[in-house]
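Trainee: My structure is below; once you've seen it, I'll send some questions.
The values are calculated or read from the model by the stated rules, or taken from the named source; none is laboratory data. This is a predicted model, so every value here is computed, not measured. Glycine also receives a Cβ, built like all others from the backbone with ideal geometry; neighbour counts cover every protein chain displayed.
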Amino acid sequence: MQRIGVLTSGGDAPGMNATLRAVVKAGTYHNLEVLGIEAGYIGLLEKRYRKLEILDVEEIVSYGGTIIKTGRTKEFQSETGFKKALANIKNLELDGLVVIGGNGSMKGAQKLVDAGVKVIGVPGTIDNDITGTDYAIGFDTACNIVTETVDRILDTATSLVGDTPRVFVIEVMGRHSGEIAMNSTLAGSVDGLLIPELEIDYDEVADNLKRKFEIGKNYGIILMAEGVGKVDDISRELEMRLGYKIRETLLGHQQRGGRPTFFDRVLASKLGAEAVNQLVKGENAKMVGIKNNKVEVTDLKVVNNSDKEFNDKDYKLNRILCY
Ligand code: F6P
């Protein structure tokens, strides 16, 4: 094995750069040349790449985003596009490829494996919706941003007194997953949680708020995952039940920016280096992840063919904490 490629694909996630650092350092340590493929699978289609050496990654562990850019493309899914990507991989003489990204990226990785390319996946997505790992890179940073937002809203919520209680609804990311909302609810002062994994019971959320107002609380904070709908619609439903105006926050892409947390940097360092180790050992078609605080390797097929298990215990705990 002489030359490997690395790409970041799908939505960028804080910690992708830290992963790149680990891949390049581990690759160089094993005397491998490392090519950074730019803009995810787009780079494979358009032959956009650059050699990554120690000095290219020396300072990036603390940077948000990804220095080799990321991308989403439909062309890679098409027969002609895919053939083009395969031909470019052959031309570049890549002996292996590390794919850092979310579910869509792991599906792309599997497609390459099926066509004979050696690929190891690394889970990088704030959504944390990938099977085979307790945590994906970027999730912790996103949850920290949400937690800080809840804290900030709490400051104003507890300070300003009005004629009616003040209720705040915060929409967070996660695509079809409630992981960010659910874990941030565990960490913050939240009165209600709405996630796409479970049916929404607006009456229950409103009744819980009313009960809290009766015992003397004069504000409420609700966290909703984007997968349940739009913050305006959810707020209207609650307004109808409560009878007064709701304050809305759409947190958006802030959740994907900023410096990665300590946790994400450590996770990225471990998984990036392990991905290279796997290639060096001759492994293929795997994803490296973290399970019960240990680095674990899962078949890409398993990752791609099963939904991440819903953490019912955490959800039940949230109900108690929101009560
Ligand atoms: O997958 C990461 C993610 O941030 C999702 O949480 C969100 O739904 C989506 O990407 C947003 O994508 P875009 O940046 O294209 O708007």
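Trainee: Which of the residues spanning the range 103-120 are crowded, with 24+ Cβ neighbours inside 10 Å and within 14 Å of the chain's Cα centre (by Cα)?
Mentor: Of everything in the range 103-120, those that are crowded, with 24+ Cβ neighbours inside 10 Å and within 14 Å of the chain's Cα centre (by Cα) turn out to be SER105, MET106.
Trainee: Is the range 208-229 home to any residue that is in contact with a Gly (Cβ under 9 Å, 6 or more places away or on another chain) and of a type in the set (Asp, Glu)?
Mentor: Looking for residues that are in contact with a Gly (Cβ under 9 Å, 6 or more places away or on another chain) and of a type in the set (Asp, Glu), one finds at least one in the range 208-229, hence yes.
Trainee: Do any strands (runs of 3 or more DSSP E) entirely within the range 208-323 hold 2 or more residues that are free of Cβ contacts under 8 Å to residues at least 60 places away in the same chain and over 25 Å from THR185 (Cβ atoms), and if so, which?
Mentor: On the way: elements: 219-225, 246-250, 286-291, 294-299.
Because the criterion is at least 2 residues that are free of Cβ contacts under 8 Å to residues at least 60 places away in the same chain and over 25 Å from THR185 (Cβ atoms), the strands (runs of 3 or more DSSP E) in the range 208-323 that meet it are 294-299.
Trainee: If VAL98 meets every condition in (1) touching a helix residue (DSSP H, G or I) at 6+ places or on another chain (Cβ under 6 Å); (2) within 16 Å of the ligand (Cβ to nearest atom); (3) in the same structural domain as VAL24 (by TED's automatic domain parsing) apart from one, which number is that one?
Mentor: For VAL98, the failing item is (2).
Trainee: Scan the range 148-158 and tell me whether some residue there is modelled with pLDDT under 95, loosely packed, with under 14 Cβ neighbours inside 10 Å and not in a strand (DSSP E or B). Steps first, answer last, please.
Mentor: Start the filter on the range 148-158 by keeping residues that are modelled with pLDDT under 95, which leaves none.
Within the range 148-158, not a single residue is modelled with pLDDT under 95, loosely packed, with under 14 Cβ neighbours inside 10 Å and not in a strand (DSSP E or B).
Trainee: Within the range 211-235, how many residues turn out to be away from the ligand (no atom under 16 Å from the Cβ), surrounded by fewer than 14 Cβ atoms within 10 Å (Cβ to Cβ) and basic (Lys, Arg)?
Mentor: So the answer is 1.
Trainee: Taking VAL161 as meeting all but one of (1) among the β-branched types (Val, Ile, Thr); (2) at pLDDT below 95; (3) not assigned by TED's automatic domain parsing to the domain that holds THR249, write down the number of the exception.
Mentor: (3)
Trainee: Please find, within the range 74-95, the residue that is surrounded by the fewest Cβ atoms within 10 Å (Cβ to Cβ) out of those that are over 30 Å from ARG256 (Cα atoms) and in contact with a helix residue (DSSP H, G or I) (Cβ under 6 Å, 6 or more places away or on another chain).
Mentor: If we take residues in the range 74-95 being over 30 Å from ARG256 (Cα atoms) and in contact with a helix residue (DSSP H, G or I) (Cβ under 6 Å, 6 or more places away or on another chain), then LYS84 is surrounded by the fewest Cβ atoms within 10 Å (Cβ to Cβ).
Trainee: How many of the residues making up the range 159-182 are within 16 Å of the ligand (Cβ to nearest atom) and either surrounded by fewer than 22 Cβ atoms within 10 Å (Cβ to Cβ) or in a strand (DSSP E or B) (or both)?
Mentor: Step one: filter the range 159-182 for residues within 16 Å of the ligand (Cβ to nearest atom), giving 170-182.
From what is left, the residues that are either surrounded by fewer than 22 Cβ atoms within 10 Å (Cβ to Cβ) or in a strand (DSSP E or B) (or both) are 170-172, 175-176.
Qualifying residue count, the range 159-182: 5.
Trainee: Please tell me if VAL190 is assigned to a strand (DSSP E or B) and modelled with pLDDT of 95 or more.
Mentor: Numbers: assigned to a strand (DSSP E or B): no; modelled with pLDDT of 95 or more: yes.
The answer is no for VAL190.
Trainee: Output the residues belonging to the range 180-215 that are more than 20 Å from LEU154 (Cβ to Cβ) and hydroxyl-bearing (Ser, Thr, Tyr).
Mentor: Passing the criteria: only TYR202.
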